[in-house]
Amino acid sequence: MMNNKLIASSSPHIRSNENIGSLMRDVVIALLPATLAGIYYFRLGAVKVILFAVLAAMVTEAAIQKLRKQEVSINDWSAIVTGLLLAFNIPASAPWWIPVIGSIFAIAVVKQMFGGLGHNFMNPALAARAMLLASWPVQMTNWIKPGADAVSTATPLAIMKGAEASTEQLPLLFQLFIGNHGGCIGETSTLALIIGGIYLVYRGVITPRIPVIYIATVAVMTFVFGGFDPYFMMSQVLAGGLMIGAIYMATDYVSSPVTPKGQVIFALGCGLITSVIRLHGGYPEGVSYSILLMNVASPLIDKYTSPRVFGEVK
């Protein structure tokens, strides 16, 4: 017994039963409320986009790993998470090939081309959304009202921005909170996204540091530079992709900083860029681009915020 205590093994010395599969499975569970909300509001259109995005992500990952003679790892749930998050960033009116192309790009180019899980330098789902928006802007901005009629509508952010010719009124804050308005499938229901976020914090998958600072930064910026209007500020917080971006995408282990100080800088940067784009840019939404830009800066942030190694000398 005493001899065993004197044996030193290599790091890590603190171990747990968690693995990639369990973490990703928790993310899928956390996304279930938003998935059900998206299906409830956007009906079969949402089901179609979600199924095609998830299936294309899984098939692409398995095919590439087979071609590279690697162990097929679709059972680690990471491809499912990527497909689901991508589907959440696509309108329910999109044709089936939009989520398919997006998932193939996310897995093949952004993830596998850089070495697979753990090596991608930016969030695959957000990178795919940016590619789709640049390539097929009409299909990616064809918003519909919740319900079975699939009537075109403007998003709340577009109404506030005046980016679309529309006589529609901005939805009430309660409608923005529960998700009863036009937008992408998974970003509309703030309530469902917060429920999932609380589950992730409870499970220890994420910390509230990045989401809280990101959302608070957008709230402060839009309040101060939006005419000190609390209704405008709350509309900016509840509408668009802020909640899904802050809770589920900015917290990505691989593409966000690992140090606490770095995460604070990262979240502040995301909030500042999002606010600038929303308030002064030509595009009503800025979450995707802000997170992608800060993803690229993450290695530099980690470099200058990493604590000194114990025993290190100059």
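The values are calculated or read from the model by the stated rules, or taken from the named source; none is laboratory data. As the structure is a computational prediction, the values presented were derived from the model and not from experiment. Quick reminder, even Gly has a Cβ in these numbers, built from the backbone with ideal geometry, and neighbours come from all protein chains shown.
Values as computed for the structure displayed
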| read-out | value |
| --- | --- |
| Pairs, first over 18 Å from Glu187 (Cα atoms) in segment 67-92, second surrounded by 24 or more Cβ atoms within 10 Å (Cβ to Cβ), C-beta under 7 Å, six or more apart | Ile74/Glu61; Ala79/Ala57; Ala79/Glu61; Ala79/Ile107 |
| Of all residues in segment 64-88 being assigned to a helix (DSSP H, G or I) and small (Gly, Ala, Ser), the one that is nearest to Lys48 (Cα to Cα) | Ala87 |
| Unmet criterion (only one of (1) of a type in the set (Val, Ile, Thr); (2) crowded, with 16+ Cβ neighbours inside 10 Å; (3) modelled with pLDDT of 85 or more) for Thr153 | (3) |
| Flag if Ala34 is in contact with a Phe, Trp or Tyr (Cβ under 7 Å, 6 or more places away or on another chain), surrounded by 13 or more Cβ atoms within 10 Å (Cβ to Cβ) and modelled with pLDDT of 95 or more | yes |
| Segment 215-231, residues that are farther than 26 Å from Tyr248 by Cβ, in contact (Cβ under 8 Å) with a residue 40 or more places away in the chain and not in a helix (DSSP H, G or I) | Phe225 |
| Which listed residue is of a type outside the set (Lys, Arg) and within 30 Å of Asn19 (Cβ to Cβ), from Val264, Val224 | Val264 |
| Positions within segment 262-303 being among the hydroxyl-bearing types (Ser, Thr, Tyr) and surrounded by 20 or more Cβ atoms within 10 Å (Cβ to Cβ), in sequence order | Thr274, Ser275, Ser288, Ser290, Ser298 |
| Every residue from segment 124-141 that is farther than 22 Å from Leu238 by Cβ and outside any helix (DSSP H, G or I) | Trp136 |
| Which numbered condition Leu176 misses (of (1) over 19 Å from the mean Cα position of the chain (by Cα); (2) modelled with pLDDT of 85 or more; (3) buried (at least 22 other Cβ atoms within 10 Å of the Cβ)) | (1) |
| Residue match in segment 187-201 (condition: surrounded by 17 or more Cβ atoms within 10 Å (Cβ to Cβ), at pLDDT below 90 and under 14 Å from the mean Cα position of the chain (by Cα)) | yes |
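Per-residue answers, yes or no, for (1) farther than 28 Å from Tyr231 by Cβ; (2) modelled with pLDDT of 95 or more:
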site	(1), (2)
Ala62	yes, no
Arg68	yes, no
Leu86	yes, yes
Ala134	yes, no
Lys145	no, no
Leu170	no, no
